[in-house]
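**Student:** Handing you this structure, nothing more for now.
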Amino acid sequence: MLSQSDDATTTESSPPPESAVTVVQPPPPPPSSSSDDFFSSASVSSSSLSDENGGTQTRPQIPIAWPSDGVLTLDWVTNLMSTFDWSSRNLRPTELPTVLPVEVFDALVLTASKILHKETNCVRIEPDRDDGVSVVVVGDVHGQLHDVLFLLKDAGLPSENRFFVFNGDYVDRGAWGLETFVLLLAWKVFLPQRVFLLRGNHESKYCTSVYGFEKEVLAKYGDKRDGKHVYRKCLGCFEGLPLASIIAGRVYTAHGGIFRNIPATPSKRPKGKKNRKVILNPESVPLSLGSMEELSKARRSVLDPPWEGQNLIPGDVLWSDPSMKPGLSPNKERGIGLLWGPDCTEDFLKKFNLKLIIRSHEGPDAREKRPGLGRMDEGYTIDHVVESGKLITLFSAPDYPQFQATEERYKNKGAYIVLESPNFDAPAFHSFEAIMPRPKVNPYYDFEDVIDSDEELDLSMMVEASSMSSPSPVVIS
Ligand SMILES: [Mn+2]
């Protein structure tokens, strides 16, 4: 297993730096040092991934087996990717258990969950500042497996010198949320110090019960024991996902964005009423920015981040949106989280000595209804440019959403960001088109009835999410 300390320093010849435009250079010829073996075998394996003409053709060996020593290898992970590519094109969704048996899923999720639950709420990523070290940041992917496979090939696979930070929203809307999430977990297990998976608002019980992921899992593993078990294990894993990252001390990333200060609870309590909860009316307290200490202390292992009470930071980090209007205010459109203006971006960057905020959470559908903010045609927007730096929205699901009621589609590109050593604070944007045609598959939610993003979050539904049996017309990007 690779360790954090030995990267880059032993590299004899680093790969050429990638240009800041969307041109991607072929991998360098196979060099000979140990860390470069990693690169060359990665490039060989990735060549067997889907091509433009419809993906991997040869039948892989199935079912996938958990390694006898329990240690994942690069071959195992790249094989998982090409096998999912193949099965998504050649098998029915109900046949997924013949590819990924429940026992293998269990072993992977258990291993990943253990790693994830140990991570701090805001993971500090400190890449070596040597030449050739980069951090790839990825926005929402929403179950669009083939686009994720393309992104990994286009950006280059995770490696000693190539970190990845995923900003959440792995599942829902798209038809391959389970395969997408599982393969990202495999990368996490293989390279725990190089691949970071943050939580999105869709990694929750509420969202997955409305936007397709729960039904997807039950369709693939059956609505009896196995399907329910797989879905429950995924929810448990979602609870472990960290909320945010800070890259090289300069870049803050999170799915939604920034978060509020939680005023201290009054320490005096009436005698004899120890268990009485002190309820603060959020309306009565002016909103202000929270501190990193508060972020680190938030209780993130909740199935659904609460929108009231004391534990509001997870909901803020996962659900908030920027605005062009100054100030910090409740996000009334969403019913949870905050709206924050350019002044708050400046305060946040300055307070924590940062240069960039990279958040995700808003696709082309959401942006259609946000006058003053950019459209998502290229997969990213620069929302605030302030004295201390910038706020960027990054969205990595091209041609989103996968299922739409009308012929007229957004035809948006997806994008990822590359941050290069030594400072990691100058974002290079890489936009890419969707992999087409997608395999034909039925959606797992009632997309025709679903209203577009930014509708008010139905809080009563969030409470009842567990008992829901049919999708309901509420949509949050
Ligand atoms: Mn989102």
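The values are calculated or read from the model by the stated rules, or taken from the named source; none is laboratory data. Every value quoted in this text rests on a predicted model; they were computed, and no experiment measured them. Here the Cβ is made from the backbone with ideal geometry for all residues, glycine too, and neighbour counts use every protein chain on show.
**Student:** If we only count strands (runs of 3 or more DSSP E) wholly inside segment 342-407, which ones have 1 or more residues that are within 24 Å of the chain's Cα centre (by Cα) and surrounded by fewer than 20 Cβ atoms within 10 Å (Cβ to Cβ)?
**Tutor:** Strands (runs of 3 or more DSSP E) meeting the threshold: 380-386, 389-394.
**Student:** Name every residue in segment 413-426 that is over 18 Å from the mean Cα position of the chain (by Cα) and not in a strand (DSSP E or B), in order of residue number.
**Tutor:** Within segment 413-426, Ser421, Pro422, Asn423, Phe424, Asp425, Ala426 meet the criteria.
**Student:** Given the structure, is Leu178 buried (at least 21 other Cβ atoms within 10 Å of the Cβ) and away from the ligand (no atom under 16 Å from the Cβ)? Even if it seems obvious, please write down each step before you answer.
**Tutor:** On the way: buried (at least 21 other Cβ atoms within 10 Å of the Cβ): yes; away from the ligand (no atom under 16 Å from the Cβ): yes.
Here the answer is yes, as Leu178 does meet what is asked.
**Student:** Now a separate question. Please indicate, with yes or no, whether at least one residue in segment 146-168 is in contact with a helix residue (DSSP H, G or I) (Cβ under 7 Å, 6 or more places away or on another chain), of a type in the set (Gly, Ala, Ser) and more than 16 Å from the ligand (Cβ to nearest atom).
**Tutor:** Within segment 146-168, one or more residues are in contact with a helix residue (DSSP H, G or I) (Cβ under 7 Å, 6 or more places away or on another chain), of a type in the set (Gly, Ala, Ser) and more than 16 Å from the ligand (Cβ to nearest atom).
**Student:** Pairs under 8 Å by beta carbon, first residue more than 13 Å from Met436 (Cα to Cα) in segment 144-158, partner at pLDDT 95 or above and among the basic types (Lys, Arg), six or more apart or different chains?
**Tutor:** Cβ pairs passing all conditions: Ala155/Arg162; Gly156/Arg162; Pro158/Arg194.
**Student:** While we're looking at this one, here's another question. Scan Leu235, Leu218, Leu191 and give me the residue that is out of contact with any helix residue (DSSP H, G or I) (no Cβ under 8 Å at 6 or more places or on another chain), away from the ligand (no atom under 16 Å from the Cβ) and farther than 21 Å from Tyr400 by Cα. Working first, answer last.
**Tutor:** Details: Leu235 fails: out of contact with any helix residue (DSSP H, G or I) (no Cβ under 8 Å at 6 or more places or on another chain); Leu218 fails: out of contact with any helix residue (DSSP H, G or I) (no Cβ under 8 Å at 6 or more places or on another chain).
Result: Leu191 is the single residue among Leu235, Leu218, Leu191 that is out of contact with any helix residue (DSSP H, G or I) (no Cβ under 8 Å at 6 or more places or on another chain), away from the ligand (no atom under 16 Å from the Cβ) and farther than 21 Å from Tyr400 by Cα.
**Student:** When you go through Glu420, Glu408, Glu464 one by one, which is the residue that is at pLDDT below 95, away from the ligand (no atom under 16 Å from the Cβ) and more than 25 Å from Glu216 (Cβ to Cβ)?
**Tutor:** One residue alone meets the criteria, Glu408.
**Student:** On to the next question. Taking Glu203, is it among the acidic types (Asp, Glu), modelled with pLDDT of 95 or more and either away from the ligand (no atom under 14 Å from the Cβ) or touching an Asp or Glu at 6+ places or on another chain (Cβ under 7 Å) (or both)?
**Tutor:** Taking the combined requirement at face value, the residue does not satisfy it.
**Student:** For segment 315-349, which residues satisfy the criterion of being more than 14 Å from the ligand (Cβ to nearest atom) and of a type in the set (Gly, Ala, Ser)?
**Tutor:** Ser323, Gly327, Ser329, Gly341
**Student:** Could you check, for segment 118-133, whether at least one of its residues is out of contact with any Asp or Glu (no Cβ under 7 Å at 6 or more places or on another chain) and within 16 Å of the ligand (Cβ to nearest atom)?
**Tutor:** No, because not a single residue in segment 118-133 is out of contact with any Asp or Glu (no Cβ under 7 Å at 6 or more places or on another chain) and within 16 Å of the ligand (Cβ to nearest atom).
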